[in-house]
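Worksheet for the structure shown next.
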Amino acid sequence: MSSSPILVVKNLTTTFITGRGRLPAVGGVSFELNADETLGIVGESGSGKTVLSRTIMGLQPRSNVELGGSVQLLGHEIVHASEDELRTIWGTEVSMVFQDPMTSLNPVMTIGKQISESLRVRLGMSKADAKVRAIDLLKLVGIPSAEERYDAYPTQLSGGMRQRVVIAIALSCSPQLLLADEPTTGLDVTIQAQILNLIEELKSKEKMAVILVTHDLGVVATRTDRIIVMYAGRIVEMGRTRDVFFNHRMPYTRALLESTPKVSNPSHTRLITIPGRPPDLYNLDGGCAFAPRCAYATDQCRQEAPSLQEANSDGHLFACWNPLPVGTSPLNQQNSNEPNGASNEQ
Ligand SMILES: Nc1ncnc2c1ncn2[C@@H]1O[C@H](COP(=O)(O)OP(=O)(O)OP(=O)(O)O)[C@@H](O)[C@H]1O
Ligand code: SF4
Ligand SMILES: [Mg+2]
């Protein structure tokens with residue numbers, strides 16, 4: 001298995017120019033992803049996860065957006081790439097799965113046709129070969145009676161089955177990177193677990209790298225090698241999954257962890273919610289964006305944003321002037337071997 005980076009993101013910025021002014025949705029993000037890795041990107045709603053994902057994939061519309069920095073994806077520079085260049089990698093080298101399968105599927109075309117069309121257009125397969133491969137893909141993603149379901153319309157399938165079809169389309173051209181943005185939000189918990197397990201299984205079968213984007217730390221607890229925690233469009237903590245769960249130093253990471261449901265909690269346990277509201281990105285003031293909500297904030301925090309600094313030599317980084325002491329994660333007190341007893345799935 002190769003461990004060279006297939007994605008190198010350097011000081012990436014995405015700024016929307018809107019009627020209200022400039023909105024820095026992604027504010028200087030740098031990281032690398034190896035060919036055999038699963039990376040989780042977590043953060044509250046509005047923290048910039050989707051904008052970052054779409055910018056990495058070159059999917060950000062070009063009008064009223066300013067991009068800066070660099071994204072090297074499988075040897076292609078994505079920032080400022082032309083649509084023609086991007087088309088050569090979309091769906092063949094990289095694929096994305098979005099939250100709502102209905103927005104990715106055409107409701108008036110059978111699912112079989114949607115997969116085989118994708119194979120014919122992208123790989124130039126014959127009609128007959130594309131059908132055979134499409135049925136194989138439906139089987140691969142666990143759709144029962146794949147031959148009969150080939151002729152079904154998306155509306156005839158459940159939400160979970162539709163998301164499996166979207167994953168089949170995403171995998172149709174054997175991408176080297178699959179980016180799944182909230183792929184299970186809106187599905188019930190058992191189906192969520194099935195879809196996440198499916199992505200995990202396909203990752204090792206198809207030998208791809210995976211980026212899993214979610215607001216739910218439980219989803220990434222047992223399924224990722226590394227995690228990026230985002231706040232106000234920036235990385236505030238990043239490291240191996242175990243380090244983020246057990247040795248995090250940034251108070252926002254702790255707050256996210258405390259607001260994640262745990263299977264081990266008695267059913268009436270009250271979740272701790274993060275006090276205050278996410279920042280107004282139009283009015284960031286140069287200090288730590290988390291300061292208004294942080295119990296550890298000092299004058300220094302309000303005046304100057306902390307840069308990422310090393311917590312260890314394994315790539316664990318955090319941005320905080322007053323980091324939490326090592327080993328104080330609430331998980332260390334839970335006698336748990338698994339990060340967070342994970343997710344709200346059974
Ligand atoms: N096209 C756009 N024009 C202007 N602002 C935008 C645009 N797209 C996103 N934003 C803003 O960028 C910020 C980051 O949004 P983003 O969708 O990336 O958040 P997110 O972390 O994916 O949240 P969620 O968990 O709700 O999906 C938000 O303030 C959002 O309002
Ligand atoms: S820099 Fe200050 S305000 Fe920001 S998370 Fe650390 S302690 Fe809190
Ligand atoms: Mg999003």
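The values are calculated or read from the model by the stated rules, or taken from the named source; none is laboratory data. These figures come from a predicted structure and were not determined experimentally. Here the Cβ positions follow ideal geometry from the backbone for every residue, glycine too, while neighbour counts run over all protein chains shown.
The one condition from (1) in a loop (DSSP other than H, G, I, E, B); (2) in contact with a Ser or Thr (Cβ under 6 Å, 6 or more places away or on another chain); (3) of a type outside the set (Ser, Thr, Tyr) that GLU44 does not meet is (2). Residues considered: GLN60, GLN72. Of these, the only one that is at pLDDT below 90 and either within 13 Å of ligand 3 (Cβ to nearest atom) or not basic (Lys, Arg) (or both) is GLN60.
Condition check ((1) within 25 Å of the chain's Cα centre (by Cα); (2) not charged (D, E, K, R)) across all residues:
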| residue | (1), (2) |
| --- | --- |
| VAL71 | yes, yes |
| GLU85 | yes, no |
| GLN99 | yes, yes |
| MET102 | yes, yes |
| PRO144 | no, yes |
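Among residues of the range 94-114 being more than 23 Å from VAL132 (Cβ to Cβ) and touching a Leu at 6+ places or on another chain (Cβ under 6 Å), the one that is farthest from ligand 3 (Cβ to nearest atom) is VAL94. For the range 39-48, a residue qualifies if it is on the phi < 0 side of the Ramachandran plot and either surrounded by 23 or more Cβ atoms within 10 Å (Cβ to Cβ) or within 16 Å of ligand 2 (Cβ to nearest atom) (or both), and the qualifying residues are LEU39, GLY40, ILE41, VAL42, GLU44, SER47.
Applying the criterion of at least 2 residues that are at pLDDT below 90 and among the hydrophobic types (A, V, I, L, M, F, W, C) to the helices (runs of 4 or more DSSP H) found wholly in the range 93-163 leaves 111-123.
For the range 281-296, residues that are touching a residue at least 24 places away in the same chain (Cβ under 8 Å) and under 18 Å from VAL229 (Cβ atoms) total 9. Inspect the range 212-230 for any residue being buried (at least 18 other Cβ atoms within 10 Å of the Cβ), under 23 Å from THR260 (Cα atoms), of a type outside the set (Val, Ile, Thr) and within 16 Å of ligand 2 (Cβ to nearest atom) and give the result as yes or no. Yes: the range 212-230 contains one or more residues that are buried (at least 18 other Cβ atoms within 10 Å of the Cβ), under 23 Å from THR260 (Cα atoms), of a type outside the set (Val, Ile, Thr) and within 16 Å of ligand 2 (Cβ to nearest atom).
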